[in-house]
Amino acid sequence: MLRYFFLLTMVAYSLPLLPANDTLFAPSIRVGLDVSGLARHLLEPEVMDSELSVDIEWRKNHFLALEAGLVSVNVDKESHRYQSDGFFFRLGPDFNVLGRGDHNPNDLVLLSFRYGYGRLKQEAPFILISDPYWGDFEDALDSESYQAHWLEAGLGLKAEVFRHFFVGWALRGRLLVARSSRTGMDPYIISGYGKHSGSTNLMLHYHLMYRIPLR
Amino acid sequence: MKRSQAAGWLFTFRAMLPLAACMLFLHACQDDELCEDVRANSLRIGFYQAGDDTGQWALVDSMRVFTLTYPQVPVYDMLQNVSVLELPLNPHSGGCAFILDFFHHRDTLWLQYLRETHFMSVECGFTLFFDIEELTHTSWHIQSATVVNKHVSNTLDEHVKVFLPADNGGL
């Protein structure tokens, strides 16, 4: 998998994306908010995922992006209590594989690659597992730290809906490459990675962004 | 409307479309979540005929199942035409024993395991998964028993194969 990740990075980097005419290129910074976390919060109020992003177009159609945020889970039910708080960042390049037309020169189709790191602290002060034969089982998990590293690759769109204002989505596949050795239990959500249900994950992000031209 | 303008709107539409898809998907996931299925963590035993390499389940006419801990409370009081058994592992302890009563013979299965706490979801809460470390048994009726999958979770995997003799009244 690592081999393919780097191979894709190199292929994307070397793609002749546009006819070479950089005289009109103006570098820019785009700041954004991932609203998919807010949408999820409406459906699962116990989970709060806040994420900001910034990317800089340092060379025509070549972007360096940083995404960072906070994730908290706070569950208080009759049969269980669980809390986790964590932060994360993802860093990597984006490559625009869409040639820029005259009418919408800032619309983008992006091939993205990221390294991700997430850290969290979790605890479950009350766990009740009902068992009709053996009787209810009570347990608790002391506060513990957890961290994870992953790689991701994905595809996304960014469309300029108003001047300098963008909406867009990104579909990301993730591969967990390292994590804390297990102590108590795997976290419900790894900050920045998503639900922990194995070493791979697929997530859809939805962004609102504002572009600031640098000259 | 110019063609390039139309293409621009189409691109914007495509950019916005996944939000609706995402909302629908998340909503669907919530609705389909059945906690009982997610929390299920029984040990699954399949009965086989000793010497039969076809991998076909054998059928046990009738049997009962008890535990050594609560022998007066049957796990299953009367089972008929059984080829697969689901047994609840004891969450309070790292081991438990089941008495398989084939009526003409009784055998005991002892299991030692590690317990792992898993947070399934906000709604469903926690469950335990198990990793079987050791399986031993008496051999009044059971010819042999093997652990084929150590990890007991909420999947439908078979964990233990129990081989029974072909020439007996129970099969």
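The values are calculated or read from the model by the stated rules, or taken from the named source; none is laboratory data. These figures come from a predicted structure and were not determined experimentally. All Cβ positions, even for glycine, are placed from backbone atoms using ideal geometry, and neighbour counts span all protein chains on display.
Being within 14 Å of chain A (Cβ to nearest Cβ) and either over 21 Å from B:LYS150 (Cα atoms) or not small (Gly, Ala, Ser) (or both) is true for just one of B:LEU111, B:LEU59, B:LEU79, B:LEU34. Which residue is that? Only one candidate passes the filter, namely B:LEU111.
As a summary of the residue check, A:VAL167 satisfies the conditions (1) within 30 Å of B:THR127 (Cα to Cα); (2) within 9 Å of another protein chain (Cβ to nearest Cβ); (3) part of a strand (DSSP E or B) except for the one numbered (1). Taken together, the criteria place A:SER143 among residues that are farther than 24 Å from A:PHE25 by Cβ, over 14 Å from the mean Cα position of the chain (by Cα) and either away from chain B (no Cβ under 14 Å) or surrounded by 20 or more Cβ atoms within 10 Å (Cβ to Cβ) (or both). Can you say whether A:TYR210 is exposed (fewer than 14 other Cβ atoms within 10 Å of the Cβ), on the phi < 0 side of the Ramachandran plot and aromatic (Phe, Trp, Tyr), as far as the supplied structure shows? It is true that A:TYR210 is exposed (fewer than 14 other Cβ atoms within 10 Å of the Cβ), on the phi < 0 side of the Ramachandran plot and aromatic (Phe, Trp, Tyr).
Let's see how each residue does on (1) farther than 24 Å from A:LEU171 by Cα; (2) surrounded by 17 or more Cβ atoms within 10 Å (Cβ to Cβ); (3) away from chain B (no Cβ under 14 Å); (4) modelled with pLDDT of 95 or more:
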site: A:GLU67; (1), (2), (3), (4): no, yes, yes, yes
site: A:ARG90; (1), (2), (3), (4): no, yes, yes, yes
site: A:PRO132; (1), (2), (3), (4): yes, no, no, no
site: A:LEU157; (1), (2), (3), (4): no, yes, no, no
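Whether any residue in segment B:144-155 is touching a Gly at 6+ places or on another chain (Cβ under 8 Å), loosely packed, with under 14 Cβ neighbours inside 10 Å and within 14 Å of another protein chain (Cβ to nearest Cβ) is what I want to check. No, there is no match, as no residue in segment B:144-155 is touching a Gly at 6+ places or on another chain (Cβ under 8 Å), loosely packed, with under 14 Cβ neighbours inside 10 Å and within 14 Å of another protein chain (Cβ to nearest Cβ). Does A:ALA140 meet the test of being over 20 Å from A:LEU176 (Cβ atoms), free of Cβ contacts under 8 Å to residues at least 40 places away in the same chain and either among the aliphatic types (A, V, I, L, M) or in a strand (DSSP E or B) (or both)? Judged against the criteria, A:ALA140 is a match. Does any residue of segment B:127-143 turn out to be surrounded by 16 or more Cβ atoms within 10 Å (Cβ to Cβ), of a type in the set (Gly, Ala, Ser) and either over 29 Å from A:GLU78 (Cβ atoms) or in contact (Cβ under 8 Å) with a residue 12 or more places away in the chain (or both)? So far as segment B:127-143 goes, no, none of its residues is surrounded by 16 or more Cβ atoms within 10 Å (Cβ to Cβ), of a type in the set (Gly, Ala, Ser) and either over 29 Å from A:GLU78 (Cβ atoms) or in contact (Cβ under 8 Å) with a residue 12 or more places away in the chain (or both).
Return yes or no: is A:LEU176 outside any loop (DSSP other than H, G, I, E, B), touching a residue at least 24 places away in the same chain (Cβ under 8 Å) and either more than 16 Å from the chain's Cα centre (by Cα) or away from chain B (no Cβ under 14 Å) (or both)? Considered against the rule, which asks whether it is outside any loop (DSSP other than H, G, I, E, B), touching a residue at least 24 places away in the same chain (Cβ under 8 Å) and either more than 16 Å from the chain's Cα centre (by Cα) or away from chain B (no Cβ under 14 Å) (or both), A:LEU176 comes out as yes. When the test is whether a residue is at pLDDT 90 or above, more than 17 Å from B:VAL160 (Cβ to Cβ) and of a type outside the set (Ser, Thr, Tyr), B:PRO88 does not pass it. Among residues of segment A:35-51 that are among the small types (Gly, Ala, Ser), those with a beta-carbon under 6 Å from a residue that is crowded, with 19+ Cβ neighbours inside 10 Å and at pLDDT 90 or above at least six positions away or on a different chain give the pairs A:SER36/A:HIS205; A:SER36/A:TYR206; A:GLY37/A:ASP49; A:GLY37/A:GLU51; A:SER50/A:GLY69.
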